[in-house]
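Each remark here refers to the structure printed beneath this line.
The values are calculated or read from the model by the stated rules, or taken from the named source; none is laboratory data. Computed from a prediction, not measured in an experiment: that's the story for all the values here. So basically every Cβ, Gly included, is an ideal-geometry build from the backbone, and we count neighbours across all protein chains shown.
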Amino acid sequence: MYNRNWGKDRRRFQRLCLNLGVWYKGLRPDEVCNMLGNCERQAVTLDISLLGMAFSSAYKIPAFSYLALKFIIFAAKNGICSNLAIPVEVKAKVLSCVSYENEYRIGVSFTGIDFETQQKLAHFIRESSRPFIEF
């Protein structure tokens, strides 16, 4: 017997591969808060979707930890980003932490994201995924 879905991406929401600056801070457990300190740490996103993101970090953050994230998305239309910056602040649960190239790939799921922020993020992903049209 074989798995028909092997090798297919079974995620419900499209992922957008891009590099955005993201700032994060540990919320719980206490071990993560102590490891990261009381300041925000900076990282770079690897991909983002409506429900979560992956980013690279110098810290090994264990799964089931909770983080506060801040990042900026830009208003986009027809695949072209504008100068209108939209700050996003969400809480996230760490789902995975994988070592690669002297860093860690942290996969998180957004928790408690409000409807307005979710709509802005959906618009950003949808518009940024469109092919660039030259005139």
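Each residue in the stretch 44-65 was checked for being surrounded by 17 or more Cβ atoms within 10 Å (Cβ to Cβ) and closer than 12 Å to Glu31 by Cα, and 2 of them qualify.
So which of Val90, Val94 is assigned to a strand (DSSP E or B), modelled with pLDDT of 95 or more, of a type in the set (A, V, I, L, M) and closer than 16 Å to Gly52 by Cβ?
Details: Val90 fails: modelled with pLDDT of 95 or more.
Unique residue meeting the criteria: Val94.
For the stretch 97-131, the candidate set comprises residues that are aromatic (Phe, Trp, Tyr) and assigned to a helix (DSSP H, G or I); within that set, the residue that is surrounded by the fewest Cβ atoms within 10 Å (Cβ to Cβ) is Phe115.
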